[in-house]
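Input: a single structure, listed below in structure tokens.
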Amino acid sequence: MKKNLSSLKRAHDIKKVVDEHYEAHRQDRNYRKVWLNHVLPLFGVSYGVCLEAISTDTDMLPQLMKERIAVERRKLHEEALRRRKRKG
């Protein structure tokens, strides 16, 4: 499933919060309580979106971010070259 980079970043951040606070077999640390007390105030997402984020594979996020940065740098470089040609 293809996701936007911003959605992957949000899923990654939600996973970090859940990993920090979730404890199996504890009623006060289950997914719903973690969502209610920690995820909802920070991200303002529904419980369903939180569960979807937890199950999202974010392993490719660092590589996708590097690719995005490379594309943006290339665009900036090309724009700078165009501006130089106009002036010169």
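Structure data summary
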| quantity | calculated |
| --- | --- |
| Cβ crowding within 10 Å averaged over residues, with 26-33, 74-81 ranked highest first | 26-33, 74-81 |
| Backbone N under 12 Å from the Ser55 label point (7 Å along Cα→Cβ), restricted to segment 1-37 | none |
| Protection-proxy order for peptides 16-25, 36-45, each taking the mean of Cβ atoms within 10 Å per residue, highest first | 36-45, 16-25 |
| Charge dipole (debye, nearest 20) of the chain; +1 at Cβ of Lys and Arg, -1 at Cβ of Asp and Glu | 1000 |
| Ellipticity estimate at 222 nm from DSSP helix runs (n ≥ 4, -39,500 (n - 2.57)) divided over the chain, nearest 500 | -21500 deg cm²/dmol |
| Partners for Lys87 among aspartates and glutamates (Cα-Cα distance below 15 Å; same-chain residues under 8 apart left out) | Glu78, Glu79 |
| Bins of 5 Å from zero: percent of alpha-carbon pairs in the chain | 2, 13, 19, 15, 12, 9, 8, 6, 5, 4, 3, 2, 1, 0 |
| Of Val39, Leu61, His77, farthest towards positive along the dipole that unit charges on Lys, Arg, Asp, Glu beta carbons give segment 5-87 | His77 |
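Bear in mind these aren't lab numbers, they're just calculated from the coordinates by the rules spelled out. This one's a predicted model, so the numbers in the text were calculated from it and none came from an experiment. Reconstructed Cβ throughout: ideal geometry from the backbone, glycine too, with neighbour counts over all protein chains shown.
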